[in-house]
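A.B. asks: Below you will find the structure I want to go over with you.
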Amino acid sequence: IFNEGQTVKFEPKVKDPNNDPVTVKVSEPLKNGSFMTDYTSAGVYPITVTAGDGEMETKKTFKLTINNINVLPTIENVKDLVVKEGELVKLEPKVTDVDVEDKVIVTISNPVGNSGVWQTGYTDHGKYVILITADDGHGKSTKNINLMVEDVNMPPVIKLITVERN
């Protein structure tokens with residue numbers, strides 16, 4: 001039993017009782033004596049070893065098991081941001097998972113939220129730490145970004161003018 005990411009080396013030991021020369025064949029994926037697994041190699045492989053002396057042949061089969069090892073998703077394409085009040089914040093994290101069968105759920109903390117878009121207002125100035133999480137159901141990756149919303153001075157607004165008569 002091996003884990004994904006490991007290299008499996010196999011060299012069968014074969015001896016002929018008559019000391020005849022022996023030809024040995026091994027089925028895939030160990031045909032060449034080694035199997036360099038990756039993160040898509042999980043499964044059970046039937047391996048057949050065939051030894052022949054030119055007149056007779058012997059076959060043995062065994063199972064090679066490669067265990068699935070979870071690799072956490074990666075989060076890229078995000079960086080610290082500085083915007084002015086009233087501007088649109090748009091986060092588009094690029095999330096990848098080498099375990100292609102994993103369904104990855106991405107969450108983005110408030111005030112941006114899972115849509116990745118936040119229209120700032122004229123009272124939103126300040127520093128924010130935004131947490132992006134990628135969960136593949138087996139583990140989570142996180143990335144923090146700093147978001148600075150700079151203050152924009154707005155002129156006062158006159159809402160109502162009343163004139164009194166004497």
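The values are calculated or read from the model by the stated rules, or taken from the named source; none is laboratory data. Predicted, not measured: the structure shown is a model, and the values here were computed from it. Cβ: placed from backbone, ideal geometry, glycine included. Neighbour counts: every protein chain shown. These area figures cover heavy atoms from the full protein model, side chains too; ligands, DNA and RNA do not enter into them. Shrake-Rupley method; radii C 1.70, N 1.55, O 1.52, S 1.80 Å.
A.B. asks: Give, in nm to one decimal, the length gained when the segment between M36 and K90 is fully stretched (0.36 nm per residue of separation minus the Cα-Cα distance).
C.D. replies: 15.3 nm
A.B. asks: Along the range 95-112, what does the Karplus equation 6.51 cos²θ - 1.76 cosθ + 1.60 (θ = phi - 60°) give for ³J(HN,Hα), rounded to whole Hz, x for Gly and Pro?
C.D. replies: 10, 10, 9, 5, 7, 4, 7, 6, 8, 9, 10, 9, 10, 10, 5, 6, x, 6
A.B. asks: Percent of accessible area on the chain owned by carbon and sulfur, 1.4 Å probe?
C.D. replies: The value for the chain is 51 percent carbon and sulfur by accessible area.
A.B. asks: Moving on to the next point. What distance in nm lies between label points placed 7 Å from Cα along the C-beta direction at K103 and K59?
C.D. replies: 4.1 nm
A.B. asks: In whole Hz, what ³J(HN,Hα) sequence does the range 29-39 give by Karplus (6.51, -1.76, 1.60; θ = phi - 60°), x for Gly and Pro?
C.D. replies: For the range 29-39, the Karplus-derived couplings read x, 9, 3, 9, x, 8, 9, 8, 6, 10, 7 Hz, x marking Gly and Pro.
A.B. asks: Which whole-number value in Å² is the accessible area per residue of the range 12-166, probe 1.4 Å? Present the calculation step by step, with values, prior to reporting the outcome.
C.D. replies: Details: 11210 Å² over 155 residues.
Accessible area per residue: 72 Å².
A.B. asks: Then there is this: Can you match Rg and Dmax of the Cα atoms in Å to one of these, (i) 16.7, 50; (ii) 31.6, 131; (iii) 18.7, 56, based on a calculation from the structure here?
C.D. replies: Among (i) 16.7, 50; (ii) 31.6, 131; (iii) 18.7, 56, the one calculated here is (ii).
A.B. asks: Scan the range 56-113 for trypsin sites (Lys or Arg not before Pro) in coil per DSSP, keeping those whose Cβ has at most 13 other Cβ atoms within 10 Å, and list them by number. Spell out each step's value before the answer.
C.D. replies: Working: sites: K59, K60, K63, K79, K84, K90, K94, K103; in loops: K79, K103.
Those satisfying the criteria are K79, K103.
A.B. asks: Could you work out how far the C-alpha centroid of the range 33-77 sits from that of the range 129-153, in angstrom?
C.D. replies: 40 Å
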